[in-house]
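The structure appears right after this line, and notes come after that.
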Amino acid sequence: MGHFYERLVRPFLFRLNAEHAHEIAVDSLALLGRVSPLCRLLEKVNGASSGMGARPVECLGLKFPNRVGLAAGFDKNARAWPAAAALGFGHVEIGTATMLRQPGNERPRVFRFPEHEAVINRLGFNNDGADSIAARLAKQAKPSERRIPLGINLGKSKVASLDQAVNDYLGSFARLADHADYLVLNVSSPNTPDLRKLQDEGRLRELLSAVSEANRARDEVAGKSSKPLLLKIAPDLTFPQIDVVLEVIAEFGLDGIIATNTTLDRSGPFGNVGQAGGLSGKPLRNHSTQIISYISRATNGRLPIIGAGGITDTESASEKLDAGATLVQLYTGLIYRGPFFAAELARGLADRR
């Protein structure tokens with residue numbers, strides 16, 4: 001299946017503008033997700049949820065049929081995720097969602113680099129806003145009915161200043177928490193002005209304190225409960241900066257961390273690339289794995305890690321698990337390897353002992 005995509009489908013898609021090709025993919029999966037019998041058939045065929053590719057794992061208090069997830073960024077508006085299990089994913093993360101609807105940055109804003117299996121994007125959290133996304137999720141499968149866990153990735157609205165950021169996140173949290181199996185606070189995208197400053201100790205402590213308190217308060221409300229809460233960090237943090245982040249995570253009892261988001265690093269062949277934005281894909285592979293390893297050692301393996309960055313085959317996914325990740329996520333790899341790449345990975349990882 002992967003060879004068919006790479007030889008016939010990918011050349012066609014790569015003749016299109018990168019964002020237009022992405023929109024076609026989302027529309028196609030949204031359509032597939034509405035045909036439940038076909039989705040269930042594809043699940044059986046790829047075997048990633050219940051066949052030879054299934055290697056269930058418990059993490060964050062949730063059960064995952066396999067270790068491979070779809071990272072945030074692909075399905076920003078909760079349109080395509082119902083088809084994710086049919087492609088072999090063991091979980092899916094939608095978003096990044098912001099409190100306010102926003103168009104994102106000006107186009108063009110997504111650029112492929114096929115010779116490096118990489119992408120640079122400066123989308124800027126383009127999404128329908130928390131209210132619209134919550135309304136869409138309310139019409140879809142509820143948590144108890146889902147085939148795989150659904151994470152919701154939350155970010156800061158562009159118009160919200162740093163001093164308004166906490167209330168902005170709390171607004172999104174209040175509207176979307178009911179629909180999530182877990183939630184992620186994204187403070188690491190390079191494409192929203194000042195967002196990464198929320199990784200600084202003082203602002204991070206303020207944010208995590210407020211959202212953690214709101215999450216715990218759900219336990220006091222009938223019919224609700226707190227949700228696993230994670231933080232997504234940038235690969236451009238130094239190890240001392242990561243130490244500070246881990247201290248704040250421990251202070252407020254977050255349930256896990258996602259390592260890592262896209263990078264601003266332009267070393268090597270990207271030194272002369274003039275496109276602003278976050279770099280993802282193969283060039284991020286080694287550095288993201290190093291960060292996962294560092295976090296695992298610094299926390300004695302006690303903090304669940306979802307590993308992301310540069311996963312293009314079973315070997316690169318296995319490296320992240322060996323470094324200390326419990327789950328992995330991909331997005332750019334899907335662009336280069338095709339829609340059933342997750343199923344292939346899940347089968348490959350199932351052979352691990």
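Cross-link partners of Lys63 among lysines, defined as those whose alpha carbon lies under 27 angstrom from its own and excluding same-chain residues fewer than eight positions apart: Lys44, Lys76, Lys139, Lys142, Lys224, Lys227, Lys232, Lys320. Annotation: aspartates and glutamates with alpha-carbon distance below 16 angstrom to Lys156 (same-chain offsets under eight excluded): Asp128, Asp131, Asp168, Asp194, Asp200, Glu206. So what is the relative contact order of the chain, in percent, for Cα pairs below 8 Å that sit 6 or more residues apart? Reported as a whole number, the value is 19 percent. More than 26 Å apart: what percent of Cα pairs in the chain qualify? The calculated P(r) of the chain puts 45 percent of pairs beyond 26 Å. Our coupling estimate for segment 191-204, obtained by passing each phi through the Karplus curve with A = 6.51, B = -1.76, C = 1.60 and θ = phi - 60°, is 9, 10, x, 6, 4, 5, 5, 6, 7, 5, 3, x, 5, 5 Hz, Gly and Pro reported as x. Evaluate E = 1/(1 + (r/R0)^6) for Arg101 and Arg218, where r is the Cβ-Cβ distance and R0 equals 35 Å; express this FRET efficiency to the nearest 0.05. After rounding to 0.05, the efficiency reads 0.90.
Quick check: residue separation of Gln241 and Asp194 times 0.36 nm, minus the Cα distance between them. What number comes out in nm? Show your work: numbers first, answer last.
Numbers: separation 47, 0.36 × 47 = 16.92 nm, distance 1.67 nm.
Value of the extension gain: 15.3 nm.
The amide H of Leu231, built 1.01 Å from its N in the peptide plane, has Leu185, Gly256, Ile257, Ile258 as neighbours under 5 Å, considering only residues 5 or more places off or on other chains.
With a cut-off of at most 14 other beta carbons within 10 Å, and DSSP calling the residue loop, which trypsin sites (Lys or Arg not before Pro) in segment 23-54 qualify? Please list them.
Details: sites: Arg34, Arg40, Lys44; in loops: Arg34.
In loop regions of segment 23-54 (DSSP not H, G, I, E or B), the sparsely surrounded trypsin sites (Lys or Arg not before Pro) are Arg34.
For segment 1-105, chymotrypsin sites (Phe, Trp or Tyr not before Pro) are listed when DSSP marks them as loop and at most 16 other Cβ atoms sit within 10 Å of their Cβ; the list is Phe14. For the chain, modelled as a GNM whose springs connect Cα atoms under 10 angstrom apart, the maximal fluctuation among Val187, Val57, Val245 occurs at Val57. Its residue count N sets the reference 2.2 N^0.38 Å, and the alpha-carbon radius of gyration of segment 235-353 equals 1.10 times that reference. Here's how it looks for Arg67: its modeled amide H is under 5 Å from those of Arg55, which are all 5 or more places away or on a different chain. Take the Cα of Glu315, step 7 Å toward its Cβ, do the same at Glu6, and the gap between the two points is 1.3 nm. Cβ crowding within 10 Å ranks Lys197, Lys158, Lys139 as Lys139, Lys197, Lys158, fewest other Cβ atoms first.
Every number here is computed from the coordinates shown, using simple stated rules; none is lab data. The structure displayed is predicted, hence computed values, not measured ones. Don't worry about glycine lacking a Cβ; one is built from the backbone with ideal geometry, like all the others, and counts go over all protein chains shown.
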